[in-house]
Structure formats: C-alpha cells, structure tokens
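Written out below as structure tokens is the structure these notes cover.
Just so you know, all these numbers are worked out from the coordinates, no wet-lab data involved. Quick caveat: nothing in here was measured; it's all calculated off a predicted structure. All Cβ positions, glycine included, derive from the backbone under ideal geometry; neighbour counts span all protein chains shown.
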Amino acid sequence: MGVVVKARDPGLERVVAIKVLGAHLAQNERARKRFLREGRAAAAINHPNVMTIHAVEEDVSGPFLVMEFVAGKTLREVIEERKQLTPSEVITISLQVAKGLAAAHAKGVIHRDVKPANVMMHAEDQRIRLMDFGLAEVKNENIDLTSQDQVVGTPSYMAPEQVRGADIDARADLFSLGCLIYALLTGQSPFHGRNHSEAVMRVLNHEPTPLSDIAPGAPEELVAIVERLLAKDLTARFQSATEVVAALQELASGEPVPVVIALDVASTGEVPASNSSTTRFVPIHQQRSSNWKPLVAALVSLVAVGLLMWQIANSSKPESNSGLKTAEELVAPVVVLSPHLIVASDGSGDCQTIGEALERIASQGTITLADSGPFTESLVLNGPRYDGLKIEARDRATVRHSPRETASSIIALQDVSGVTLRRLDIEASDSLKANAACYVSGVCKEVTLDEVSFRHESPQGVSEFLDIKSDESSEIEVQALGCRFAANGGSGCVAVRGSGSSLELRNCMLSNRLTILRIDSEVRHIKLTGNVFLGGQNAINIDIKHWRPQTRIEITNNTFVGCRYWLGLVNSFRKGTPPQGQTDSRVCNNLILGGERLQGNRGDQWPYLVDSWQFAANWWERDGTTQADAGWNDKIAVLKDRQDILQRDDAQHADYLRPAIGSELLTSGVGGDLPNYIGARGPQ
C-alpha cells in the first residue's frame, strides 16, 4: 500500500503515524480518490478500538493519512511470538475487535480486510485498535479486475462471497473475524494454504478442522461463536457485529446480554436499537439448544415484520421516530438492466440521455442514439461493468460538453475494455478547460473509435482531442477508424504516452495549426496507416527518450499536406543503448506534399533511426519552402516534382488526394504486406 512513518506534530506536540500511499497507487486516479474517500470515512469512526485518524490530506507527492501513533505490535506479530493465546486473552481481544467493527458498520464502513496484520495491540494497556479500514478496496483500483487471479483482500481471511467477487456487506467482515479468532486460538487461519490459489479453494470448499480437535482448551461457547462466524452461507452467520459483541460479552461475564436484530445488513450491517416496546431482545444463552437455528430464524422474521409494520404505522408521526429506516428505505429499488437501449432527445426512446442509459445498460450491451441530439453531457465509463459496451448513432449524433458541468473531459474511459463508440461527433466548448476531450487510462483493451469526429474551433480549452496515457501497471489498446480530428490550437489532436500504450490510426483525417500527433515517453505500438495530415507546424512529433526493444512504430501509406515538419524527433532516443540491426519499426509508402524539412538534429538521433528503422518509398513533392536536403539524399524520402493528383482542394470529393491513372504513385510502393501504391489514397 505504501509507507508508514513515525512523525511529530509540532502544533499539538504529539507523536503521530503518517501513512503515505505508494507511488504505484498514487498515480492511479481511481486508487488515489478512493484512498482519500476511504480515509475520510474511517476518520468519521470515533471508537476506542478503532485507530484514530487525525487528518486525511494530499500534497504533490500524493495522498496521506495522519493517524495516532500506537506503541505496540500487530496481532500477527503477537501470534508469531506466542503461537497460541489463552482463551481468556482471545475473548478479550476478540470482543474489542468486534466492538470496533460494530462502530464502523454503524457508520456504513466495511473493513474488507480484517486480519491479524491490521489489528494493533498497545504495549501498555493491551487495548486493541483496528486499522486500514476500506483500504483493501484501494488496492483493487490498481489491478485488472477481469483477472481471476486477483482478489481484493487476504484470501485466507476472506468470506466466500468476497473471494467470488460478489457484492459484500458487513457480514463479510464477520467471517474474517471468525478467521482471526481461529488464528488467535491455533496460530493460523482455518483456511491457510501454501499459496494464493490454495487459500481461495479452501475458503470456498474446505470445512476447517474443528477447534475442539486443535484447541481443546477453548470454551464450548467460544467454539460455537467461531463456527457460526465461519458459516459459508452468510444467512447462517451472525447478522451484525452487535450480535457478536453481545455473545462475547456474555461469554466474558457469564451474564445474558441483549442482542439487537439488524435489518439493514445489506447497506451497513447495523440498525440502531429501538426504544419501542415492539423491539425484542434475545439473550444468547437462549440460542444454545440443538434446535436454535430454526428458532432464531423464525424470531428474526417475526421481529423484522413487527418492526416494519410498526414503522409503516408510525411513518406519519415525526415525534415517534426512533431512528429506524422507513419501509421505503428498507426496500431498495430494483434496476432492471437491458441489453439494448434506445436514446432519443425528444423522449420517444427508452432514455432521454446517454447518462441515464449508462445506468440501465447491461454488460456487453448496446446504446443506440436515435437522433442527432445534441446530447449535452459528459460520459464516464469506469470499470468492467461497461466491458463490451457499444454506443452508436443510427446516422450521426453530437455529444457536446455542457458549460455548466465541471467534468475534466467529455468522454472518460478507465479500466474498461471492448468499448466501441461509433458515428459520434464530439464537440468541445470554450468552457472545457481540460487535457482531453476523450481521455483513456488504466487497463483499456480493444477500444474502438469508429467514424468518430472531434471538433474545437477555439485555440483555448482542450489540449488534445484524444489522450491515451498508461503507466507501468496498465495497458491500453485503442483503434481509431475513419475518424476526423479538426483543431485550431492546443498541444495536438492526439497524444499517446506510456509503455503500455498502443494506438492504431487508420483512414483518419487530422488537422491542426500546431502539432497534430504527439508520441510522448515510451510506447508499445503505434500504427499509422491510410491517414491524411493537414497543415500544422508538426504532423508527427516523436518524443521518446529511451530506446526500448519492445517499442514498435509503423508509419505507412499516409499523406501529409502542407505540414512544415511532417516528421520530427525532439529529445528522442538520447538514453539507453541503440538496437543492433533493423527493428520492426518502419516508415514506408508515405506521400509528403510540400513542407520545409524534418524536425530534429540530423547529426544526433536520426542516424540511429536510419540504421534501425526501415525507410522506403517515401515520396516528397517539394514546394517553395522545401529545403534541398530535406530527404537527406533519399535516406528518409525521395524529393520529387509535382505529382499528378486528381483533386487537391476538396476534402469531401471522392478523388481527393487520389493519384491519377498512370501515375507512378500507384506502382512505386514497397509491396509485400504493404500496398504497391504511395500515399493514403490508392486506386479506386
């Protein structure tokens, strides 16, 4: 997760512990935000058995928690030293853990990773403190959720429903508490395995060795509590931490303790006790007969019905409100997910907005836009719930940023794969001050933009239309087919960066008065073919500082019209060892119409590139600005006089940039797996 340091608070003259989120997680926007959110939720828990969080803050290095400093050891360290604790010690410790969980669940906070390593014991008074509430979910933000080998939490202390990746509630923490008590009595979890997979299989299928066999000194009542906590069927477990507290308190004192029957387990695991005479309390000692399970189940049902009827009858009497939820609050609305939804801005479809459709669409579903809109909203596709989603217009539809919204992009794709956007016109307004109109990050594989157009008339606002950014722990694959990018400023139409990033641009048209395509830092695979680059200072600007053998760049059969620098290297390939021999990268069959020269120091990076990349059949039609040695004596491109091209001015014309019949451009390509023609447009 990160680093914990001991520190001194000079303002209040106290020693504190500071937990700094690890850099690998801090770089993940979802993990960072969740860390702050979970930290603030935990900070709201005020209980002596929960680690006090003094502050949740963030600076340039990332988010961090300021916590109380506890001079002591974790229960994992205690178990490693002691191997087994006495039953009285186990009851005392377990009762405190249960109280801490009850306080957290009452605030709606689920721990998700209850285990000995997350419980501190103070060296002086042996007071127990639970720590790291909700942070298991933060780890989840930096992994591929589609991988069956990745689970959130520590497998040998996880509930079966958590191992399966299902939605969990507070009862998952109670299963983990049962594992912890078992470990205190025996020295290890009941589902301890030699590896991750074995632990998972044991949780799902294995019945643990009875405590009576390996911890014969454990009281029968404590054994019964642990067995109930470890029920694989969550309905057979204790239904709230409050019940566990009552059971352990009775065991510690020998006196019956009332148990509050919890109704709202699904959301918080706790319901406040009612002062109404209809509320029943059940002493634990009344549940010890051999037939206690059906009796308790019947009692729970009766009490639940009684409380519900009481609430309905008194819902109109504010003065008698006991703090219990209303009937409407107890029954959550059911959302039926549909595989196909029609969105129409006039209200004639299933939904009127794309955002509404995103809430109702099923996995692998299709959202069809029935009219042209405009749909003034920002779209966020975050997480595997949207894997395989298609958003497509019947003809064409406009998605436009709303000046009233504060979203950082019009479309954001994060940790979602198999998404297709088709026939959309994305328009950025002047009020959108963002890095990108469409931002792709995290693990996003097989993302397709099909006939999507991006437009922004103002030189202010967005920096790029399409921004693809990966890091060492993520992987991105984007394919743009027949797309249009028309900008009037900013850093570029398209930016791609990160060692896990792959981009294919095919049959697209891109224009900007400044940079059109930026390839920053290390990338995995860039494939540009059949595209038209119009105007601009820089058509393709490559800024890759390190030589990496896995980097592959293919620039083939593109046409560059009036670009000052059709290809540029800026500070590229200055670090690392240049490859020996030719790589898979190539620049072939490109047609350059006008322009001044290549960008970059010819005596610095370019010679390495010429030796390791394939440069072939690039024709440069010179104009009045073209320098005499622009093609470096045919090593990069062959300088040519004016070529016979059918249409140069009308981008909508069928023959735009197409060579005339009989032109050498139609037969001078390198062939093989590439076309025999040069440029983006071949024969009809």
Förster radius 22 Å - calculated FRET efficiency between A117 and H206 (Cβ-Cβ, nearest 0.05)
0.50
Tell me, in nm to one decimal, what length is gained between R552 and K6 on full extension, where the rule is 0.36 nm per residue of separation less the Cα-Cα distance?
192.0 nm
Return, ordered by residue number, the residues of the stretch 21-40 whose backbone nitrogen is under 19 Å from a label point located 7 Å along Cα→Cβ of E68.
39-40
Output ordering of 165-176, 193-204 (per-residue mean of other Cβ within 10 Å, highest first) is 165-176, 193-204
When the Karplus curve 6.51 cos²θ - 1.76 cosθ + 1.60 is applied with θ = phi - 60°, which whole-Hz ³J(HN,Hα) does each residue of the stretch 355-367 get, with x for Gly and Pro?
x, 5, 5, 4, 6, 10, 7, 7, 4, 6, x, 10, 10
Name the residues of the stretch 63-101 whose amide N is less than 17 Å from a point 7 angstrom out from the Cα of N382 along the C-beta direction?
63
If each of A654 and V60 carries a label point 7 Å out from its Cα toward its Cβ, how far apart are those two points in nm?
6.0
Take the Cβ-Cβ distance between E446 and S348 as r, set R0 to 41 Å, and report the resulting FRET efficiency rounded to the nearest 0.05.
0.80
How much FRET efficiency would the formula 1/(1 + (r/R0)^6) give for K83 and E29, where r is the Cβ-Cβ distance and R0 is 35 Å, rounded to 0.05?
0.20
Taking 0.36 nm per intervening residue step and subtracting the Cα-Cα distance, what contour gain separates E124 from E664 on full extension?
185.5 nm
Mind checking the dipole of the stretch 464-556: about its Cα centre, +1 per Lys or Arg Cβ, -1 per Asp or Glu Cβ, Debye to the nearest 20?
280
Additional length obtainable on full extension of the chain from K527 to R506, 0.36 nm per residue less Cα span:
6.8 nm
Everything considered on the Cα gyration tensor (a ≥ b ≥ c; rounded for a/c under 1.5, else prolate if a/b is larger than b/c, else oblate), the stretch 17-98 must be described as prolate
A correct Karplus calculation of ³J(HN,Hα) over the stretch 125-130, with 6.51 cos²θ - 1.76 cosθ + 1.60, θ = phi - 60°, whole Hz and x for Gly and Pro, returns 9, 6, 6, 8, 9, 7
Pairs K19/K232; K6/K83; K527/K635: which are spaced more than 31 Å apart, C-alpha to C-alpha?
K19/K232
